[in-house]
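For reference, the structure is listed below as structure tokens.
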Amino acid sequence: MSISSDDFNYICQLLRDRAAISLEADKANRVEKQLAPIAQQAGFNSIEEFVALLRTQPPNELHIQVIEAMLLNETSFFRDTHPFEALKKVLLPQFLKQRLSERSLNIWSAACSTGQEPYSIAMLLHQYFPIFAGWNVQFIASDISGEILTRAREGRYTQLEIHRGLTPAQQLRYFQQQDNEWQLKRQIRQMVEFRQINLAADWPALPLMDIIFMRNVLIYFDVATKKAILAKLRQVLSPDGYLFLGASETTITLDKSFEPVHFDKALCYRLRR
């Protein structure tokens, strides 16, 4: 199945309107690859026929399937390592002291995909900071895709996914093999609350966050949307909280309210004081 330039432009506009995602002009082949199975499953012989139907209908489940198919859900456990080292060595010990009186901690993993990032943080908390088990820890993980969140809640991963980022000791400690997959143990899964949130739309009420991971997602938005998201982050980030972005992302030139902070090889951001 091939896609015409007109249909490709329609899909690009759909992504901009519904998810504020900017699709580059050279992504037509990727769109073809992702749309073909959806079109076939819906009973169409061509992408052209499928898109013609999308054009004539109000937003519905098919439009959502198309948007979710275009999202890149590349992730792994303890991805890039340095942010997690900063958590273990600096930030979590720091918050243990700063939040000792109220004994509360709020964490948000935004654009969490299939759950490897929030579960990595949860495993780190469980292994190195068992004291937090007696605190009021609200740990939210969110994504725009309901289908992806269903997978994340299940906490079931393939052998390949397990091998990406986990040590053999972590695999044995926190997972149980079930046929050809690995099931994350309940004690880790229940530490995380998954919510469906579209970062480019209105956000639901959120508590002030001490730690926010919003990595490798701003790169998909245009400048105006990036600025709007950072403005909303200012409202939910605690005055002494920290924001982690992806290695190729930055607040510089976008929002002067944030300043960069280095912890060894990890770079994060906080509100200017």
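For this structure, a couple of remarks:
- For the Cα trace of the stretch 153-223, dividing Rg by the Kirkwood Rh returns an Rg/Rh value of 1.06.
- Accessible area expressed per residue, the stretch 48-98, with surrounding protein chains retained (probe 1.4 Å, Å²): 50 Å²
- Degrees separating the helix 116-128 axis from the principal Cα axis of the chain, which is the longest one: 10 degrees
- Shape category assigned to the stretch 209-273 from the gyration tensor of Cα positions, a/c cut at 1.5: oblate
- Rolled with a 1.4 Å probe across the full set of protein chains, the surface gives S238 an accessible area near 10 Å².
- For the set K185/K256; K185/K227; K226/K265; K33/K256, the pairs lying more than 32 angstrom apart at their alpha carbons are K185/K256; K185/K227; K33/K256.
- Using alpha-carbon coordinates, inclination of helix 28-41 to the longest axis of the chain, degrees: 80 degrees
- Annotation: for a label point projected 7 angstrom from Cα along Cα→Cβ of E74, residues of the stretch 233-273 with backbone N closer than 15 Å are 246-249.
- J(HN,Hα) series, the stretch 184-191, from Karplus relation 6.51 cos²θ - 1.76 cosθ + 1.60, nearest Hz, glycine and proline x: 5, 5, 4, 4, 8, 4, 6, 6
- Dimensionless Rg ratio for the stretch 48-186, taking C-alpha atoms and the 2.2 N^0.38 Å reference: 1.29
- A Gaussian network model of the chain, with springs between Cα atoms under 10 Å, assigns the largest mean-square fluctuation among D202, D240, D255 to D202.
- Cα gyration tensor category, rounded, prolate or oblate, for the stretch 133-172 with a/c compared to 1.5: oblate
- Size of the chain from its Cα atoms: along the principal axes, largest to smallest, the extents are 61, 50, 31 Å.
The values are calculated or read from the model by the stated rules, or taken from the named source; none is laboratory data. None of these values were measured; they are calculated from a predicted model. Methodologically, a virtual Cβ is constructed for each residue, glycine included, from the backbone with ideal geometry; neighbour enumeration extends over all protein chains shown. Keep in mind that these areas ignore ligands, DNA and RNA; they rest on the heavy atoms of the full protein, side chains included. Shrake-Rupley method; radii C 1.70, N 1.55, O 1.52, S 1.80 Å.
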